[in-house]
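What follows draws every value from the coordinates through simple rules; no lab data is involved. Fair warning: this is a prediction, and the values are worked out from it, not measured in the lab. Note: ideal-geometry Cβ built from the backbone for every residue, glycine included; neighbour counts use all protein chains shown.
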Amino acid sequence: MKAPIFALLLACSPLLAIADTASEQQDIQQLLRHSFERPDAPLDVGPVTVEGDHAVAGWLQDQRGGRALLRKGPHGWRVVLCAGDSLLKPATLHSAGLSEADAARLSQAVRNAEATQPAERVKQFALFQGVVKVDKDAGHGNH
């Protein structure tokens, strides 16, 4: 009797991971919109790529665009930095605190996610010049 239950749990575990990732993606979209959207300039967020406790989200606002690196901590997701194409580079992710393996994995996952997007949208992500570190307490609110 235990074997069928174990097999069912194994079969469902990828579905649980997908559901968890979708929830994380929604949390990140809401955080970015709440933080950066203005009444005269809606924020279009996506794709959002989540790998463990880190994520990269592409965003567009007016004619601008970029990517945000986020980290999940005890108070939820927070923006670590904003950049353009440099967030596609494992070296940038590693310098932001990810291990080399995690940086390589997240970089490839972001590239894969963006490959499904219209080319014009991805070009706008590159418009963000430089790397802007966000206050380490950003996203914590008054916790």
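Quick check: net charge around Pro42, other residues with Cβ under 10 Å of its Cβ, Lys/Arg +1 and Asp/Glu -1? Kindly include the intermediate steps, with their values, before the conclusion.
Working: positive: Arg33, Arg38; negative: Glu37, Asp40, Asp44, Asp62.
With Lys, Arg at +1 and Asp, Glu at -1, the net is -2.
What is the diffusion coefficient of the stretch 28-143 in µm²/s, taking the Kirkwood radius over Cα pairs and the Stokes-Einstein relation at 4 °C with a viscosity of 1.567 mPa s? List each step's numbers first, then the result.
On the way: Rh = 14.1 Å.
Once the numbers are plugged in, D ends up at 92 µm²/s.
Using the crude model of +1 on Lys and Arg Cβ and -1 on Asp and Glu Cβ, and no other charge, please compute the dipole size for the stretch 2-133 relative to its Cα centre, in debye to 20. Show your work: numbers first, answer last.
Details: 14 positive and 14 negative charges, 34 e Å.
Here the size comes out at about 160 debye.
For the stretch 52-143, run through the trypsin sites (Lys or Arg not before Pro) and keep only the ones in DSSP coil with at most 14 other Cβ atoms within 10 Å of their Cβ.
Lys136
Note down the net charge around Leu87, summing +1 for each Lys or Arg and -1 for each Asp or Glu among other residues with Cβ under 11 Å from its Cβ. Spell out each step's value before the answer.
Details: positive: Arg67, Lys89, Arg111; negative: Asp85, Glu114.
Local net charge: +1.
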